[in-house]
Amino acid sequence: MAGMVTAVYPGSFDVLTYGHLDLIRRAAALFDHLIVAVAQNDRKKPLFSLEERLEHLRAVTADLPNVSIDSFEGLTVDYLARSGATVIVRGLRFVSDFEFELQMAMMNRSMAPAIETIFLAPSSDYSFLSSSLVREVASRGKDVSAYVPPEVHLALQRKLGLQ
Ligand code: ADP
């Protein structure tokens with residue numbers, strides 16, 4: 001449809017946190033259509049399989065009609081071209097995120113000048129959350145239910161043999 005803007009929020013989502021969900025909700029309110037796309041990267045050994053991560057994303061976005069869930073291999077800009085999207089959404093938590101995120105945005109612009117990268121800040125309640133910290137803390141047996149949606153918490157307990 002003319003004038004419709006589709007954005008893609010790419011990421012590993014291994015584990016999906018309330019920080020991710022906060023960004024998904026903010027982006028869904030800004031764009032006509034938001035695709036949350038799991039980037040398959042075999043070099044990162046994921047805790048959750050691709051199918052599990054897709055399942056978690058589908059569960060937490062079921063109430064958001066303009067959000068769809070997908071996955072892709074290869075470059076994000078190639079995925080955007082295939083899906084008719086023109087905006088990449090990424091999150092900025094700390095200044096330390098900025099260097100890498102800006103570099104990636106510049107590289108993507110160099111390859112695909114028509115695509116814009118938009119950075120969103122999460123609610124300050126979630127700005128300290130990262131998947132890797134949550135994985136680390138959960139693997140030491142700590143309760144992470146304040147950091148991840150209930151579906152993910154349950155899956156995490158099962159995965160780590162805590163339940
Ligand atoms: P990647 O491997 O692509 O960095 P992640 O799932 O770790 O995948 O992160 C995907 C995107 O979500 C990144 O832009 C990251 O900055 C953002 N993000 C992750 N956690 C948070 C959070 N707590 N608040 C805001 N943005 C976040």
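The values are calculated or read from the model by the stated rules, or taken from the named source; none is laboratory data. The structure presented is a predicted model; accordingly, all values stated were derived computationally and were not measured. Quick reminder, even Gly has a Cβ in these numbers, built from the backbone with ideal geometry, and neighbours come from all protein chains shown. Protein only, heavy atoms only, side chains kept; ligands, DNA and RNA dropped before computing areas. Shrake-Rupley method; radii C 1.70, N 1.55, O 1.52, S 1.80 Å.
The rows are residues; the columns are (1) within 10 Å of the ligand (Cβ to nearest atom); (2) within 17 Å of PHE72 (Cα to Cα); (3) not in a strand (DSSP E or B).
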{"residue": "GLY19", "(1), (2), (3)": "yes, no, yes"}
{"residue": "LEU23", "(1), (2), (3)": "yes, no, yes"}
{"residue": "ALA27", "(1), (2), (3)": "no, no, yes"}
{"residue": "ASP42", "(1), (2), (3)": "no, yes, yes"}
{"residue": "LEU47", "(1), (2), (3)": "no, no, yes"}
Note to self: Restricting to region 98-128, give me the number of residues that are within 11 Å of the ligand (Cβ to nearest atom) and within 20 Å of LEU34 (Cβ to Cβ).
What the structure shows: 11
Item checked: Odd one out for TYR79, checked against (1) within 13 Å of the ligand (Cβ to nearest atom); (2) touching a helix residue (DSSP H, G or I) at 6+ places or on another chain (Cβ under 7 Å) -> (2)
Margin query: Which residue is surrounded by the most Cβ atoms within 10 Å (Cβ to Cβ), if the candidates are limited to region 13-29 and must be more than 14 Å from TYR126 (Cβ to Cβ) and in contact (Cβ under 8 Å) with a residue 40 or more places away in the chain?
Written below: PHE13
Notebook entry, point to check: So which residues in region 96-130 are among the aromatic types (Phe, Trp, Tyr) and farther than 20 Å from ARG25 by Cα?
Noted result: PHE98, PHE100
Notebook entry, point to check: Of the conditions (1) open to solvent by 40 Å² or more (accessible area, probe 1.4 Å); (2) in contact with an Asp or Glu (Cβ under 6 Å, 6 or more places away or on another chain); (3) within 27 Å of LEU154 (Cβ to Cβ), ASN41 fails just one. Which one is it?
Noted result: (2)
Notebook entry, point to check: Got a number for residues in region 77-110 being open to solvent by less than 30 Å² (accessible area, probe 1.4 Å) and not small (Gly, Ala, Ser)?
Noted result: 9
